[in-house]
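The values are calculated or read from the model by the stated rules, or taken from the named source; none is laboratory data. On a predicted model such as this, the values are computed, not experimentally measured, just so you know. We place every Cβ from the backbone using ideal geometry, glycine too, and count neighbours over all the protein chains shown. In case anyone asks, the SASA skips ligands and DNA or RNA and just uses the protein heavy atoms, side chains included. Shrake-Rupley method; radii C 1.70, N 1.55, O 1.52, S 1.80 Å.
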Amino acid sequence: MSIFRKIIVENISNALKCEQSVIAPFIEIRKPGNETLPEIQVNFSKSKVPVNFGDLLGLEFDSIDIESITAERKKLIFKIGLDSFTEHTLAYPANYAMTEPRKLVVEFSSPNIAKPFHVGHLRSTIIGNFVGNLLEFTGNEVTKLNYLGDWGTQFGMLQVGVELLNLSDEDIRKDPIKILYNSYVTANSSAVKDTSIADKARAIFKDLEENDSSSYRKRWETFRQFTLEELQNTYGRLGVKFDDYHWESQYSQKDIQNTIDFLNKCELLKDEKDGRKVVEIGDRRVPIMKSDGSTLYLARDVAAIFDRYDSFKFDEMLYIVDNSQTDHFKACFETASKANTDLVDKLTHIKFGRIKGMSTRSGNVIFLKDVLDEAKDIMFQRQKDSPTTKGEPDEAVADVLGMSAVIINDLKQRRQRDYEFSWDKALQMSGDTGVKLQYTHCRLNSLLLENNHLEDKYVEMFSNLKETEALNLIVEIARFEEVLEGCIDGLEACNLVNYLFGLSNTTSRALKILNVKNEKSLDTQAERYMLFKRAKEVLGDGMRVLGLEPLDRM
């Protein structure tokens, strides 16, 4: 917490005899408008703490420069000494750790090896990466986990399709996800006319499940490896790196018998007349085992929770999965928590809405790789057509710009809302887009390189940044901390996206007025250099939290 916010929160909480955490959410740094001094406001309108403003107006501060304290409706307004505020905002290293570190597991993306990595996984991947980055950036110990579907009759159907198409491992290696998906589709289409195909698929999976030395096991492991390698290439393009990969096969029938026995011991399993076993969730009876004794997703997910709690000793585990799975996770969390009360309030479903209207030019099955390639191709063409592009267009830069456009177009939406995708809006060069953030970062990098002789110039006093554009940018930089706090509260990326758009706009206005290279005063040059350096650092940090790779040139 910045020195000003920290000391104000400490003093108010002491005066009101309450925890600092009660006051912190209501404090914000404000742009001064026509005023010459920055403000810190504490808005008590939503606070349940009884407040006597007369007592608070008399607070004294020795260690920070408070020019005045006034009350307006239910707000307490602190006017901050400009030179002191500027110095603390620009000169001191920022530390964005919010609380005592917590151990967190974030599960997201989670595609299947027998199905395409489609756009439904795009939102889980982008939002999950943001959540993991945010929690890690603010001082927590985070494990990013990808739980891949590699088990079930689908593998049998996949193997049948590979045999029908007479595919070798080398054939599959050329484009694993598409070829495996086509094999799966081929088998399912053939099964419509030939019922023996479905029987063969079930027999293949039964052999794999019951026989560790099955001839199909090596093929299954090969398919997994091929798929994982291609997925990691796609994740690399998106700037996503997982700490751990888990597989659904880790919780096959024979591997989770201990979990079933434990749930039975806890008297959570109820018998149905048809032989199934269920768990009671409110007024629902949710199946957890089939009548033949085989387990359903619910059993495997509960087993995974127990396993991860033993392995990671997490304080909280977050699942980044769309709205449609709400009932499943309610059943999963309630069952696990009834069996092990240590898990109460440690399991969270972070919901999101779906993307509508996203398709490739051909309009075929939408693979995520196709979406990313399309974004890169469009940005590369825009670079070629742009009169401002310096030198030859760069495919690597075009790829990063395309990723930035797709990621920001998603994260600027409210998380739980469905939204209509538009290529034109996502990849436009003007307006509030990922391209705009990259362009601003590149402008700042260019300015700093051009004036890098100022890097080691010691700034003793920040007394020359008096312009409105300078003050607005200083305040915007100082607001980064409270924006991060707001993001943590609701895990809404759009708050950070909108902040970075505002920071970019404020930076652009400052760049027009605050010339560095041609400024006659060396002290003023150095102060402006420091201002723009901090703007670049905050913009870059915010972009990385969102999952973007900040470019230095484009």
Self-check item: Sole exception among (1) at pLDDT 95 or above; (2) under 25 Å from Ile126 (Cα atoms) for Ala336, by number
Solution: (2)
Practice problem: Could you give me the residue pairs with C-beta distances under 6 Å whose first residue belongs to the range 289-307 and is farther than 15 Å from Tyr319 by Cα, whose second residue is of a type in the set (Asp, Glu) wherever it lies, and which are 6+ apart or on separate chains? | Solution: Ser291/Asp274
Practice problem: Output yes when any residue across the range 219-241 is loosely packed, with under 11 Cβ neighbours inside 10 Å, hydroxyl-bearing (Ser, Thr, Tyr) and farther than 30 Å from Asn133 by Cβ, and no when none is. | Solution: no
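Would you check if Glu455 is acidic (Asp, Glu) and either surrounded by fewer than 18 Cβ atoms within 10 Å (Cβ to Cβ) or in contact with a Lys or Arg (Cβ under 6 Å, 6 or more places away or on another chain) (or both)? Don't jump to the end; show me each part of the working.
Working: acidic (Asp, Glu): yes; either surrounded by fewer than 18 Cβ atoms within 10 Å (Cβ to Cβ) or in contact with a Lys or Arg (Cβ under 6 Å, 6 or more places away or on another chain) (or both): yes.
Yes; evaluated as a whole, the condition is true for this residue.
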Quiz item: Can you find even one residue in the range 277-299 that is in contact with a strand residue (DSSP E or B) (Cβ under 9 Å, 6 or more places away or on another chain), within 28 Å of Leu546 (Cα to Cα) and open to solvent by 10 Å² or more (accessible area, probe 1.4 Å)?
Solution: no
Self-check item: Among the residues listed as Phe223, Phe205, the single one being part of a helix (DSSP H, G or I) and under 31 Å from the mean Cα position of the chain (by Cα)
Solution: Phe223
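Yes or no: the range 530-545 includes at least one residue that is among the basic types (Lys, Arg) and open to solvent by less than 40 Å² (accessible area, probe 1.4 Å). Walk me through it before giving the result.
Of the residues in the range 530-545, the ones among the basic types (Lys, Arg) are 533-534, 536, 544.
Applying the additional criterion that residues be open to solvent by less than 40 Å² (accessible area, probe 1.4 Å) yields 534.
There is at least one residue in the range 530-545 that is among the basic types (Lys, Arg) and open to solvent by less than 40 Å² (accessible area, probe 1.4 Å).
State all residues of the range 2-41 that are in a loop (DSSP other than H, G, I, E, B) and among the β-branched types (Val, Ile, Thr); if no residue qualifies, say none.
Within the range 2-41, just Thr36 meets the criteria.
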Quiz item: Restricting the search to the range 420-479, which residues are among the polar types (S, T, N, Q) and either touching a Ser or Thr at 6+ places or on another chain (Cβ under 7 Å) or more than 19 Å from Asn515 (Cβ to Cβ) (or both)?
Solution: Ser422, Gln428, Ser430, Thr433, Gln438, Thr440, Asn464, Asn472
Quiz item: Counting residues that are loosely packed, with under 15 Cβ neighbours inside 10 Å, which strands (runs of 3 or more DSSP E) fully inside the range 61-176 reach at least 3?
Solution: 66-72
Practice problem: Taking Ser422 as the residue in question, decide whether it is open to solvent by 10 Å² or more (accessible area, probe 1.4 Å), under 13 Å from Phe501 (Cβ atoms) and touching a helix residue (DSSP H, G or I) at 6+ places or on another chain (Cβ under 9 Å). | Solution: no
Quiz item: What number of residues within the range 287-326 are outside any loop (DSSP other than H, G, I, E, B), modelled with pLDDT under 95, under 25 Å from Gly490 (Cβ atoms) and out of contact with any His (no Cβ under 9 Å at 6 or more places or on another chain)?
Solution: 2
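Assess whether Glu481 counts as being open to solvent by less than 30 Å² (accessible area, probe 1.4 Å) and at pLDDT below 95. Don't jump to the end; show me each part of the working.
Values: open to solvent by less than 30 Å² (accessible area, probe 1.4 Å): yes; at pLDDT below 95: yes.
So Glu481 passes the test.
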Quiz item: Among the residues of the range 427-441, is there at least one that is of a type in the set (Asp, Glu) and modelled with pLDDT of 90 or more?
Solution: no
Quiz item: Pairs, please: C-beta under 8 Å, at least 6 apart or cross-chain, first residue farther than 20 Å from Leu57 by Cβ and aliphatic (A, V, I, L, M) and in the range 3-28, second assigned to a loop (DSSP other than H, G, I, E, B) and open to solvent by less than 50 Å² (accessible area, probe 1.4 Å)?
Solution: Ile3/Ile64
Quiz item: Just one of the numbered conditions (1) open to solvent by 60 Å² or more (accessible area, probe 1.4 Å); (2) at pLDDT below 90 is not true of Pro32; which one?
Solution: (1)
Exercise. Give the range 244-268 a look and list any residue that's surrounded by fewer than 14 Cβ atoms within 10 Å (Cβ to Cβ), modelled with pLDDT of 90 or more and among the charged types (D, E, K, R), or say none.
Key: Asp261, Lys265, Glu267
Practice problem: For Leu57, work out the one condition from (1) free of Cβ contacts under 8 Å to residues at least 12 places away in the same chain; (2) out of contact with any helix residue (DSSP H, G or I) (no Cβ under 7 Å at 6 or more places or on another chain) it doesn't fulfil. | Solution: (1)
Self-check item: Condition broken by Asp373, with the remaining ones in (1) among the acidic types (Asp, Glu); (2) loosely packed, with under 14 Cβ neighbours inside 10 Å; (3) in contact with a helix residue (DSSP H, G or I) (Cβ under 9 Å, 6 or more places away or on another chain); (4) modelled with pLDDT under 90 satisfied
Solution: (2)
Exercise. Given the conditions (1) at pLDDT below 85; (2) assigned to a helix (DSSP H, G or I); (3) over 19 Å from Gly81 (Cα atoms), report the number of the one that Lys48 does not fulfil.
Key: (2)
Quiz item: Of all residues in the range 311-359, which are under 21 Å from Phe421 (Cβ atoms) and of a type in the set (Phe, Trp, Tyr)?
Solution: Phe352
Exercise. Answer yes or no as to whether Asp55 is in a helix (DSSP H, G or I), closer than 19 Å to Glu10 by Cα and not basic (Lys, Arg).
Key: yes
Quiz item: Does the range 478-494 hold any residues that are within 14 Å of Leu318 (Cβ to Cβ) and β-branched (Val, Ile, Thr), and which are they?
Solution: Ile488
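Considering only the range 37-60, state which residues are open to solvent by 90 Å² or more (accessible area, probe 1.4 Å) and over 13 Å from Phe78 (Cα atoms). Before the answer, list the steps.
Within the range 37-60, the first condition is being open to solvent by 90 Å² or more (accessible area, probe 1.4 Å), and the residues that meet it are 46, 48, 50, 55, 60.
Correct list: Lys46, Lys48, Pro50, Asp55.
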